[in-house]
Every structure is written in structure tokens, then in C-alpha cells.
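The values are calculated or read from the model by the stated rules, or taken from the named source; none is laboratory data. Note that this is a predicted model, so its numbers are computed, not measured. Please note: Cβ atoms are built from the backbone with ideal geometry, for glycine as well, and neighbour counts cover all protein chains shown.
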Amino acid sequence: MKKILILTTLSIVLIACNSSEKKQSVDDIIASKDVKAITAKKAELQLQLEQIDEALATLDVNKEVVALVSAVKLKDTTFNHYLEIQGSINTNENVLIQPEFPGNLVELNVKAGQKVSKGQVLGRTDDGGMSQQLASAENQYALAKTTFERQKNLWSQKIGSEIQYLQAQAQMISAQKGVAQIKAQIAKTVIRAPFSGTIDEVFVEKGEVVAASAQGLMRIVNLGNMYVSTSIPESYIGKLKVGTEVDVYLSSLGKTYKGKVRQIGNFINPNNRSFGIEVSVPNPENLLRPNQVAKLKVIDYVSKNAIVVPTNVIQQDSKKNSFVYTVANSTGKTGIAKKVMVTTGQSSDNVTEILSGLDSDAIIVTEGMNTISDGMKLNF
């Protein structure tokens with residue numbers, strides 16, 4: 001206690017003796033408007049303050065104070081650094097069903113919310129009389145086929161001419177193609193599911209006259225093949241590869257999904273110097289929807305057996321050197337504060353990798369580090 005009183009008294013005397021001179025000196029420098037002189041004076045004062053802090057830290061008075069702090073023992077861990085970027089949920093199986101053949105919708109077999117299988121008949125449009133045309137064409141084909149077979153038998157017996165045989169063959173083939181063409185047109189009146197999925201919306205009613213339009217007949221969606229699309233800065237070329245794991249967070253659901261990069265673009269957008277990627281995302285609960293906003297955390301750096309500390313425990317001195325406080329000579333829950341200079345690496349998720357300065361078994365002060373100094377006694 002006596003040392004504190006002596007130090008305080010000495011400080012007051014020094015300040016009283018020199019305050020007018022220093023204040024005048026600083027005022028003169030400011031009045032001169034000399035930027036270099038003002039900057040130099042600032043650096044001088046900062047250095048003096050730092051010297052005072054160091055002097056106080058070495059005095060026994062600080063060592064007599066016992067500070068209550070929180071501390072944890074470090075251990076080797078795997079440090080991952082992430083690129084955080086926003087993307088959009090998509091699916092390739094999200095389409096509007098259009099009629100291939102315009103006409104009256106004579107059949108509508110599904111409703112919104114119904115699950116369908118690939119190839120299932122969803123509806124049918126009127127064929128506009130092509131069924132009758134098909135029947136006529138099939139009769140013509142049957143006649144042409146019979147004529148050809150008879151002509152073939154005659155020609156095999158060297159009866160008749162070759163030209164008659166070839167003409168009969170050509171007429172049969174032409175009739176056959178006519179039947180196939182009409183059948184193909186009639187098949188377009190049948191509306192089928194292009195893939196398995198769920199009918200999301202139906203925009204028409206049975207009996208309406210329909211044709212291809214921007215609205216379509218209905219929307220079918222398959223939520224089993226979802227992915228996130230986004231753009232990555234070109235500086236990450238070479239850091240990503242197909243199969244890289246990605247954390248996909250959806251704030252609307254409060255859920256994080258584990259995805260993987262499934263495609264990497266080969267084109268750099270000259271407008272923003274980026275390239276596109278696609279990240280496949282599992283959807284076991286069918287909660288993902290096209291156009292949802294997702295936040296991606298793409299791992300671009302991994303360090304095994306790394307030493308990491310909470311980012312907020314790292315402090316800087318006046319020279320921009322980083323340091324942390326550790327607990328030295330620990331016995332149970334007591335020890336001595338030790339200021340340790342460190343070299344920091346990358347930061348992610350509120351932790352920072354320490355490249356040098358700390359051992360993996362060090363005890364680091366995590367709370368109360370702003371109120372202690374080197375050599376101070378600690379309880380933790």
C-alpha cells in the first residue's frame with residue numbers, strides 16, 4: 001500500500017511540474033499545423049504511455065493483486081476456414097407441362113398435391129378426328145400389305161413383272177408410314193409425366209381448349225434432386241473440386257444440411273470475375289423448395305492438429321503485434337498471468353488459428369484479459 005501511495009504522489013508531482021510545459025509544447029505543435037510534427041508527437045506520447053504500462057507491469061504492486069479470470073486449456077484440433085456466400089435452391093425437375101397437341105382437354109386425371117410416376121397419363125386432348133383417319137389408313141395398309149404378299153408369291157414363281165412387285169412393295173411401305181405418322185400425332189394428345197414427382201399446381205379445367213402457353217397446364221416438381229447454385233470469386237479456382245463438402249444453412253428453416261460440390265463452371269463471368277458452382281443437397285424431409293435462399297460455407301483451407309483460440313482473446317499492442325495472456329505456474333485454479341506474443345493465421349467461426357507462440361497444452365485466459373497485466377496473480 002505504501003508503494004502505491006509513493007507512486008501516486010510521485011506522478012502528481014511530475015505532472016504538476018511539467019504539465020504547463022508539455023501542454024504548451026503540444027499546443028505549439030498543433031498551432032503549427034505541421035502534419036509530420038503532430039504525427040511524431042503522437043508517436044512519442046504513445047511510446048511514453050507504453051513505457052509507463054510496462055513499468056507498472058513490473059512493479060510488485062501488480063503482483064500483489066489477484067485477478068479473477070476464466071481460462072481454458074488448449075488442445076490440438078482440426079481448423080477449417082470457410083468461404084461464406086449466398087446461393088439459391090434449385091431443382092432440374094421443376095417444369096410446366098405443356099400440351100403437345102392443342103385442342104379440347106377431354107381428360108384430366110390429376111389434381112394439385114398428387115404424386116405421379118414417370119410416364120403416367122395426366123390428361124388427354126381431343127385428337128380432332130385423327131382416330132377416324134387412323135382407321136382409314138390402317139385399312140389402306142392392310143390392303144397394300146395383302147397386295148404385296150400376293151405379288152411377292154407370283155414373282156417368286158416368275159409370274160408377272162418385277163416392276164409390279166416393286167410397286168406393290170412401295171405402296172405397302174408408304175401405307176405403313178402413313179399409319180405410323182398418324183399414330184405419332186395421336187400419341188401427342190396424351191399428356192404424360194416426364195418424371196416422377198408431385199403435381200404442384202393445376203392451371204386448367206377439364207373441357208377447356210388448351211394450347212402451349214406461358215402458364216402451361218400444370219406444374220410438376222421433384223424435390224428429391226435438389227441443389228444450390230451460386231457464383232464463386234475466380235481467386236478460388238484450384239481450391240474447390242467436385243466432392244468438396246459444403247455446409248448449407250437455410251435461415252427460413254433454421255437447419256444446416258451437408259452438401260457436396262457436384263459441378264464447377266468452366267467460364268469466368270467478365271462482369272464480376274466469378275464462376276458458377278452447383279452443390280447437391282439431400283432433402284430427406286422434403287423441406288427444401290426451389291428458389292429458397294441458402295448460405296453456403298465452403299471449406300477452402302484445412303489445418304490438422306492446429307492450435308486455435310477464441311478470436312476475441314487476441315489483443316494488439318501499439319506496434320500492432322498480437323498477444324494473448326496465458327496462465328503460467330498454474331497450481332489447481334491459481335497461476336500467474338503471462339503475456340505471450342503470437343503469430344495469427346486465418347479466422348473462422350469466431351476462432352483464429354495460432355501459427356506460432358503457443359503450445360498445444362497452454363492455458364489461455366478467455367475472460368478478464370483486459371483487466372490483467374504480465375505477472376499478475378490469477379484465480380480461474
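Being surrounded by fewer than 18 Cβ atoms within 10 Å (Cβ to Cβ) and in contact with a helix residue (DSSP H, G or I) (Cβ under 6 Å, 6 or more places away or on another chain) is true for just one of Gly119, Gly178, Gly160. Which residue is that?
None of the others qualify; the one that does is Gly160.
State whether one or more residues within region 292-302 are in a strand (DSSP E or B) and more than 20 Å from the chain's Cα centre (by Cα).
No.
Out of region 282-317, which residues are closer than 22 Å to Ile364 by Cβ and of a type in the set (Ser, Thr, Tyr)?
The answer is Ser303, Thr311.
What number of residues within region 266-284 are among the small types (Gly, Ala, Ser) and touching a residue at least 60 places away in the same chain (Cβ under 8 Å)?
Going through region 266-284 one residue at a time, the tally reaches 0.
Just wondering, is there one or more residues in region 139-153 that are assigned by TED's automatic domain parsing to the domain that holds Gly123, in contact (Cβ under 8 Å) with a residue 24 or more places away in the chain and among the acidic types (Asp, Glu)?
There is no residue in region 139-153 that is assigned by TED's automatic domain parsing to the domain that holds Gly123, in contact (Cβ under 8 Å) with a residue 24 or more places away in the chain and among the acidic types (Asp, Glu).
Considering only residues that are outside any strand (DSSP E or B) and aromatic (Phe, Trp, Tyr), look in region 179-227 and name the one that is farthest from Pro284 (Cα to Cα).
Once the filter is applied, the top-ranked residue is Phe203.
Out of Leu96, Leu108, which single residue is in contact with a Leu (Cβ under 8 Å, 6 or more places away or on another chain), surrounded by fewer than 18 Cβ atoms within 10 Å (Cβ to Cβ) and at pLDDT 90 or above?
Leu96
For region 321-336, state whether one or more residues are outside the structural domain of Leu49 (by TED's automatic domain parsing) and touching a helix residue (DSSP H, G or I) at 6+ places or on another chain (Cβ under 6 Å).
Checking region 321-336: at least one residue is outside the structural domain of Leu49 (by TED's automatic domain parsing) and touching a helix residue (DSSP H, G or I) at 6+ places or on another chain (Cβ under 6 Å).
Which of the residues that make up region 194-239 are among the hydroxyl-bearing types (Ser, Thr, Tyr), surrounded by 14 or more Cβ atoms within 10 Å (Cβ to Cβ) and in the same structural domain as Gly119 (by TED's automatic domain parsing)?
Within region 194-239, Ser196, Thr198 qualify.
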